[in-house]
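Written below as structure tokens is the structure these notes are about.
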Amino acid sequence: MLPTSDVVTRGSAAHHQALLSRLYVAHLREVWRWLSMFGVHDEDLEDAAHDVFVAAHRSLATFEGRSTHRTWLFSIARHVAIDLRRRIQSRRESGDEAPESPDHAPGPDRATEVQQARAILDGFLAQLTDEQRSTFLLYELGGYTGADIAELMEVPLQTVFSRLRRAREHVVEQSEKPFADGKETPAMSDSSPPRRLLDPDAPTPPGLRALLTALLPSEPSDEADQRIETRVFQTLAEEAAPSEQPPRRNSAG
């Protein structure tokens with residue numbers, strides 16, 4: 001029987017695979033949403049989700065239950081997204097990949113709209129720390145409360161609102177558009193929750209609100225769910241199989 005708590009003892013490979021299967025069913029959709037809001041492109045989401053659960057399986061034997069499985073998977077997903085973003089940026093800087101351009105005229109295609117919006121928002125967020133960026137995206141795109149972000153990122157609530165305040169001030173400044181009603185950014189202390197920029201009544205630049213709305217995280221289809229699960233357990237089977245060693249050649253006498 002699988003344990004009912006989040007504490008995993010060092011068990012058999014079969015036990016870990018059974019536990020991973022349970023975690024996959026319980027958390028895939030939220031892992032997908034985390035990856036989506038952290039900037040993983042739609043065409044890369046299946047690969048990234050696969051990488052999260054494979055990485056989780058590799059770490060199950062050392063998971064000590066100091067955090068919940070949800071918090072643990074969040075940390076893995078966040079680092080997968082950060083690593084992917086850095087690899088893409090590195091390829092662009094080396095000229096191996098062309099940068100996305102938000103300047104061409106938008107078409108009716110949803111993918112084009114999302115690509116343009118993401119390129120713009122990435123520019124706004126480029127100078128933020130990874131912690132500020134993640135906090136901003138969780139709050140504004142994910143709709144998470146400050147308390148939930150504090151739990152996921154394992155930091156005090158005051159730290160969440162401090163990061164969010166700095167991130168929002170920077171993003172609004174970068175948007176270079178006046179607020180719809182001409183008012184300043186609403187005052188926000190380090191301990192009280194702010195109004196969301198996506199709130200239609202909040203004094204947010206209309207263009208910025210439209211930008212965030214275009215980037216609301218997606219959900220995986222049932223077909224994508226099945227493909228990812230199949231690939232994850234295929235990878236685990238391949239890793240568990242004994243590696244084929246080439247025949248040893250006899251040394252010359």
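None of the figures in this text is laboratory data; all of them are computed from the coordinates on show. Treat the numbers as computed from the prediction; the structure is a model and nothing was measured. For neighbour counting, all protein chains shown are included, and Cβ atoms are generated from backbone atoms with ideal geometry for every residue, glycine included.
Determine, from the Cβ-Cβ distance of residue 129 and residue 62 and an R0 of 45 Å, the FRET efficiency 1/(1 + (r/R0)^6), rounded to the nearest 0.05. Present the calculation step by step, with values, prior to reporting the outcome.
Numbers: r = 27 Å, r/R0 = 0.61.
For residue 129 and residue 62, the calculated efficiency is 0.95.
Sort the following peptides by mean Cβ neighbour count (other Cβ atoms within 10 Å, averaged over residues), highest first: 150-163, 55-68.
Ranked by mean Cβ neighbours within 10 Å, highest first: 150-163, 55-68.
Quick check: pseudo-label points 7 Å beyond the Cα along Cα→Cβ at residue 210 and residue 240, how many nm apart are they?
Those two pseudo-labels are separated by 5.2 nm.
Would you mind checking the stretch 133-147 for residues with the amide N under 16 Å from a putative spin-label position 7 Å along Cα→C-beta of residue 86?
Of the residues in the stretch 133-147, 133-134 have backbone N under 16 Å from the label point off residue 86.
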